[in-house]
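S.K.: Quick one: structure below, then a few questions.
What follows draws every value from the coordinates through simple rules; no lab data is involved. Owing to the predicted nature of the structure, the values given are computational and were not obtained by experimental measurement. As a convention, Cβ positions derive from the backbone with ideal geometry for all residues, glycine included, and neighbour counts pool all protein chains shown.
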Amino acid sequence: MWASPDCQATFLARNGAEMPLKPHKLLVTSLSGNARRGWLRHGQRWYAVALGRSGRRPRKREGDGATPVGTWHVIAVLYRPDRTARPRTGIFPVRRIAQRDGWCDAEGDRNYNRPVRLPYPASAERMWREDGLYDIVVVLDHNQRPRVQGGGSAIFMHVARAGYAPTEGCIALARGDLMMLVARLRKGAAVVVR
């Protein structure tokens, strides 16, 4: 664990460690809005997470590196079949990531913040990554309906880099923690970032 016991105690005192959560809620928070690391709480379990390189922000913009504050529902689980078995989960759609899968991040494009097939004529992030970050992906409904051009794209929960290095705005967990969390997700699951 990267947080000192004193740091974690301060966090727990400030963020209602004993406050009961509904079973379908996942709470993500950190010591400050600029923090690049934090915790995710689901039930009585706590998981270390990496956050965006710009911390958390209530007004997300494309490319700002911030994790958006708000409540984001889980809409799907994706996985790379050559690196992991099909994740066990509740009733969410589970889909394999293919080599030509991408996610459009081009402001103004009709498929902005939507999955696309590569090659794509506008800017799109490759989902089939060699670094393992997208071996397991939990797709959140951030900026889905209504979809705002430039309001941020591809906000996921995914596998963390070594040392919980910051993300571009996603929430990242250790691979084992993410697999355990995915197995516990049920209908109505929502990630609350505050």
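S.K.: Mind counting the residues in region 35-56 that are in a strand (DSSP E or B) and touching a helix residue (DSSP H, G or I) at 6+ places or on another chain (Cβ under 9 Å)?
M.R.: Result for region 35-56: 11.
S.K.: Out of region 178-194, which residues are small (Gly, Ala, Ser) and outside any helix (DSSP H, G or I)?
M.R.: Of everything in region 178-194, those that are small (Gly, Ala, Ser) and outside any helix (DSSP H, G or I) turn out to be 188, 189, 190.
S.K.: Further question: Being over 13 Å from the mean Cα position of the chain (by Cα), part of a loop (DSSP other than H, G, I, E, B), closer than 26 Å to residue 175 by Cβ and among the aliphatic types (A, V, I, L, M) is the filter here, so list the residues in region 117-162 that pass it.
M.R.: Those that are over 13 Å from the mean Cα position of the chain (by Cα), part of a loop (DSSP other than H, G, I, E, B), closer than 26 Å to residue 175 by Cβ and among the aliphatic types (A, V, I, L, M): 118, 127.
S.K.: Something else now. Failed condition for residue 90, given (1) closer than 28 Å to residue 186 by Cβ; (2) without any contact (Cβ under 8 Å) to a residue 40 or more places away in the chain; (3) surrounded by fewer than 18 Cβ atoms within 10 Å (Cβ to Cβ); (4) over 16 Å from the mean Cα position of the chain (by Cα), with all others met?
M.R.: Single failed check for residue 90: (2).
S.K.: Quick check: is even one residue across region 111-124 β-branched (Val, Ile, Thr) and touching a Cys at 6+ places or on another chain (Cβ under 7 Å)?
M.R.: yes
S.K.: Further question: So if I check each of 59, 41, 114, 36, which one is of a type in the set (Lys, Arg) and over 26 Å from residue 149 (Cα atoms)?
M.R.: Of 59, 41, 114, 36, the one residue that is of a type in the set (Lys, Arg) and over 26 Å from residue 149 (Cα atoms) is 41.
S.K.: Kindly list the number of the only condition in (1) among the small types (Gly, Ala, Ser); (2) under 20 Å from residue 80 (Cβ atoms); (3) out of contact with any Pro (no Cβ under 9 Å at 6 or more places or on another chain) that fails for residue 183.
M.R.: Going through the list (1) among the small types (Gly, Ala, Ser); (2) under 20 Å from residue 80 (Cβ atoms); (3) out of contact with any Pro (no Cβ under 9 Å at 6 or more places or on another chain), residue 183 breaks only (3).
S.K.: Would you mind stating whether residue 166 is out of contact with any strand residue (DSSP E or B) (no Cβ under 9 Å at 6 or more places or on another chain) and not β-branched (Val, Ile, Thr)?
M.R.: For residue 166, the condition - out of contact with any strand residue (DSSP E or B) (no Cβ under 9 Å at 6 or more places or on another chain) and not β-branched (Val, Ile, Thr) - is not met.
S.K.: Right, here's the next one. Is there any pair with a first residue in region 154-167 that is within 10 Å of residue 50 (Cβ to Cβ) and a second that is β-branched (Val, Ile, Thr) and surrounded by fewer than 18 Cβ atoms within 10 Å (Cβ to Cβ) whose Cβ atoms are under 8 Å apart and which are 6 or more apart or on different chains, and what are they?
M.R.: none
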